[in-house]
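Chemist: After the structure tokens below, expect a handful of questions from me.
The values are calculated or read from the model by the stated rules, or taken from the named source; none is laboratory data. This is a predicted model, so every value here is computed, not measured. Cβ coordinates were reconstructed from backbone atoms using ideal geometry, including for glycine residues, and neighbour counts include every protein chain displayed.
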Amino acid sequence: MWFRRDLRLQDNTALTALCEHANSNNAQVSAVFFCTPAQWQSHTTSLVQVDHIIRTLPKLAQSLEKQLNIPLAVYVCDNFSDCTNTIIEICAAKNMSMVMANYEYEGNEIARDEQLTKQLAKNNVEFIRWHDQCILPPKSITTNDGSMYQVFTPFYKKWRHTLDVSTMQAYEAQTVIANDNLNKNLKPFDSTHASANMTKEIETLGNTVVEGYQLRLQQAGIVNIDNTDSDAQLAHARSAYPAGEVAACHRLDQFIAEDITSYDVSRDVPSLNATSQLSAYLTIGSISARHCYLQATKALDNAASTHANKDSNYSENGDNKDINRWISELAWRDFYRHVLVAKPELIRHYAYNKELDSRINWSYNDEDFKAWCSGKTGVPLVDAAMRCLNATGFMHNRLRMVTAMFLTKDLLIDWRLGERYFMQQLIDGDFASNNGGWQWSASTGTDAAPYFRIMNPFSQAKSHDPDGEFIKTWLPELKDVPANILHSEDKLRAAVTKGGKFSHINYPAPMVNHKIARQLAIAAFKGEN
Ligand code: FAD
């Protein structure tokens, strides 16, 4: 079993199939995971995400051994070709006849797997992959003529209908019987790469990998953009995201018990932290999206029966705005994976709407970009969001849209730079969702915001952070500035510039005039510049 972005036992399609196969053929099983620092760097994987993966591995090793009787070996291979070579060596040395894994849908990953399929076939080893990342696999939800949906709402209707009429269940892997007394306390297969297979050893190896990766990013100048303090970001992520599937499932249960019933209204208020914050776990696969969906539908049934007891007019079709809204967010995640598989060129930085993208004379102004990255634009909601990202590795969905629109519309900076910066910082960085979100905001994607609909970051703050609570948490220098000033570009500009009431605080005036920037952006999108 080759673990990739599926670091869990529960509801793991490939793992379940493998255990079933092993038990019906009395076969032995072992599992591997590869740490790939050079590959991570080239995919702009953030340090906090790497750290999260590494922290998850000892937990995975422990539960694999205790619950399924499967030893996990962790190898450090710089890049994908080293991984495939090592897999081939292991198969030969251990006389393996089959490798199983769950699909990954990004370009290099697909190329790697196709190459491996061919190479293993030469040695009569089968490489079997399973769809596991989505609730419904890519290409399974199509229009009547078999093409991809370009717009989310009809995709969602079909996706939901398909699920409503299905009898989906979570997978449960069985303990591997033939593995008894196998490999316990044995060193992993002797390869030229650093490796470990005992929980303690995996922890030690993992610490070295994280330190090495941090150094690599520092040398490349990636983790030190102005106030980005990678140690503080790591410390925060470690306490905010306890690793492993038990922690992930606990978070899901808690969210469903406490917050899901007010999701529809609270989801847009960043200071409430009322969303599930499961994305970090979903991204590395320590919880399955299917499991999230199944638990949410149970909550939907419970809500319907509670309601039905009180109110006989309550419709049985799951008419619960909050839970349905959350399920629709899971569908966005599936949607963007469907889009990526239908349009693989997205991975090579092409816009979904190439024509619209090519109309824009995108800016690459380094000073403007750095002001945005470090939260020094003079626009409080944008700055608070960026400082929160830099300090924690997470940003609330509403703020991702606001900051992305500010970069691409107010500053007209190429969305690809923002997309990359987010990947470098986010603990939940995920190519399909990130690319989808960025192109939605830049109006170059599927189902994108029309280019004339440009978020005003001051009105967004007024609607979603009315008392300025979120802003003041991340910009303590603004703690005495009243919300009505924070929410007005003109008032704020007057207050922080020379002679203004708050000119003594160290906060810059807004770096652009939003009204003018908006007109320029619309003209650019119309092709008028
Ligand atoms: P909840 O509101 O609890 O939603 C539950 C789950 O649904 C999320 O964990 C996530 O897996 C999925 N989801 C929710 N909204 C979206 C969405 N708009 N698109 C796709 N999936 C969604 N999400 C990522 O997982 N990784 C990214 O790298 C990423 N980059 C983004 C970049 C931009 C510019 C934008 C606008 C959005 C991005 N998103 C990304 C989507 C969304 O912001 C996050 O999934 C969400 O904020 C995670 O918080 P949560 O787990 O509390 O979400």
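Chemist: Condition check: within 16 Å of the ligand (Cβ to nearest atom), in a loop (DSSP other than H, G, I, E, B) and of a type outside the set (S, T, N, Q). Does MET455 satisfy that?
Modeler: Against the criterion (within 16 Å of the ligand (Cβ to nearest atom), in a loop (DSSP other than H, G, I, E, B) and of a type outside the set (S, T, N, Q)), MET455 qualifies.
Chemist: Within 19 Å of PRO344 (Cβ to Cβ) and in a helix (DSSP H, G or I): which single residue out of SER441, SER433 fits that description?
Modeler: Values: SER441 fails: within 19 Å of PRO344 (Cβ to Cβ).
Of SER441, SER433, the one residue that is within 19 Å of PRO344 (Cβ to Cβ) and in a helix (DSSP H, G or I) is SER433.
Chemist: Here is a further query. Please enumerate the residues belonging to the range 480-525 that are under 30 Å from ASN353 (Cα atoms) and not in a helix (DSSP H, G or I).
Modeler: MET511, VAL512, ASN513
Chemist: Going through ALA61, ALA38, ALA111 one at a time, which residue ends up being part of a helix (DSSP H, G or I), touching a Ser or Thr at 6+ places or on another chain (Cβ under 7 Å) and within 30 Å of ILE222 (Cβ to Cβ)?
Modeler: Of the residues listed, the single one that is part of a helix (DSSP H, G or I), touching a Ser or Thr at 6+ places or on another chain (Cβ under 7 Å) and within 30 Å of ILE222 (Cβ to Cβ) is ALA61.
Chemist: Exactly one condition in (1) within 19 Å of ASN273 (Cβ to Cβ); (2) within 12 Å of the ligand (Cβ to nearest atom); (3) charged (D, E, K, R) is not met by ARG387; state its number.
Modeler: Condition (2) is where ARG387 drops out.
Chemist: Considering the range 409-423 alone, what residues qualify as being hydrophobic (A, V, I, L, M, F, W, C) and within 11 Å of the ligand (Cβ to nearest atom)?
Modeler: TRP415, PHE422, MET423
Chemist: Identify the single condition in (1) acidic (Asp, Glu); (2) surrounded by fewer than 20 Cβ atoms within 10 Å (Cβ to Cβ); (3) within 12 Å of the ligand (Cβ to nearest atom) that ASP480 does not satisfy, given that it satisfies every other one.
Modeler: Status for ASP480: all satisfied but (3).
Chemist: Take residues that are among the acidic types (Asp, Glu) and over 15 Å from ALA391 (Cα atoms) and tell me which of the helices (runs of 4 or more DSSP H) falling wholly in the range 206-281 contain 2 or more.
Modeler: Those helices (runs of 4 or more DSSP H) span 245-258.
Chemist: Specify which of the listed residues (LEU252, LEU278, LEU272) is aliphatic (A, V, I, L, M), closer than 18 Å to ASP322 by Cα, within 16 Å of the ligand (Cβ to nearest atom) and out of contact with any Leu (no Cβ under 9 Å at 6 or more places or on another chain).
Modeler: Matching residue, one of LEU252, LEU278, LEU272: LEU272.
Chemist: Of the residues PHE369, PHE406, which single one is within 16 Å of the ligand (Cβ to nearest atom), in contact (Cβ under 8 Å) with a residue 12 or more places away in the chain, more than 20 Å from the chain's Cα centre (by Cα) and surrounded by fewer than 20 Cβ atoms within 10 Å (Cβ to Cβ)?
Modeler: Working: PHE406 fails: surrounded by fewer than 20 Cβ atoms within 10 Å (Cβ to Cβ).
Answer to the check: PHE369.
Yes/no matrix, rows are residues, columns are (1) away from the ligand (no atom under 16 Å from the Cβ); (2) in contact (Cβ under 8 Å) with a residue 60 or more places away in the chain; (3) farther than 30 Å from TYR241 by Cα; (4) surrounded by 22 or more Cβ atoms within 10 Å (Cβ to Cβ):
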residue	(1), (2), (3), (4)
GLN425	no, yes, no, yes
ASP430	no, yes, no, yes
SER441	no, no, no, yes
HIS487	yes, no, yes, yes
VAL496	yes, yes, yes, yes
GLY499	yes, no, yes, no
PHE502	yes, no, yes, no
ILE505	yes, no, yes, no
ALA509	yes, yes, yes, no
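Chemist: Among the numbered criteria (1) in contact with a Pro (Cβ under 9 Å, 6 or more places away or on another chain); (2) buried (at least 17 other Cβ atoms within 10 Å of the Cβ); (3) without any contact (Cβ under 8 Å) to a residue 40 or more places away in the chain, which one does ALA196 miss?
Modeler: Condition (3) is where ALA196 drops out.
Chemist: On the basis of being assigned to a helix (DSSP H, G or I) and either crowded, with 19+ Cβ neighbours inside 10 Å or touching a residue at least 24 places away in the same chain (Cβ under 8 Å) (or both), does ILE70 make the cut?
Modeler: Criteria not met by ILE70.
Chemist: Can you find a residue that is modelled with pLDDT under 95, hydroxyl-bearing (Ser, Thr, Tyr), over 30 Å from GLN41 (Cβ atoms) and surrounded by 19 or more Cβ atoms within 10 Å (Cβ to Cβ) anywhere in the range 450-463?
Modeler: Within the range 450-463, one or more residues are modelled with pLDDT under 95, hydroxyl-bearing (Ser, Thr, Tyr), over 30 Å from GLN41 (Cβ atoms) and surrounded by 19 or more Cβ atoms within 10 Å (Cβ to Cβ).
Chemist: Another question, then. GLN62: surrounded by fewer than 23 Cβ atoms within 10 Å (Cβ to Cβ) and within 30 Å of ARG416 (Cβ to Cβ), yes or no?
Modeler: Answer is no for this residue.
Chemist: Check whether at least one residue in the range 90-106 is under 21 Å from GLY212 (Cβ atoms) and in contact (Cβ under 8 Å) with a residue 12 or more places away in the chain, and report yes or no.
Modeler: Here is the first cut: in the range 90-106, the ones under 21 Å from GLY212 (Cβ atoms) are none.
Checked against the condition, which is being under 21 Å from GLY212 (Cβ atoms) and in contact (Cβ under 8 Å) with a residue 12 or more places away in the chain, the range 90-106 yields no hits at all.
Chemist: Within the set of pairs 6+ apart or on separate chains, which have a first residue in the range 1-25 that is closer than 22 Å to LYS94 by Cβ, a second that is of a type in the set (D, E, K, R) and surrounded by 20 or more Cβ atoms within 10 Å (Cβ to Cβ), and C-beta atoms under 6 Å apart?
Modeler: Here the result reads ASP6/ASP132; ASN12/ASP6, each pair linking the range 1-25 to a residue that is of a type in the set (D, E, K, R) and surrounded by 20 or more Cβ atoms within 10 Å (Cβ to Cβ).
Chemist: Moving on. When both residues are 6+ apart or on different chains and their Cβ atoms are under 7 Å apart, which pairs have a first residue that lies in the range 230-252 and is of a type in the set (Ser, Thr, Tyr), and a second that is surrounded by fewer than 19 Cβ atoms within 10 Å (Cβ to Cβ)?
Modeler: Hits for this filter: SER230/GLN214.
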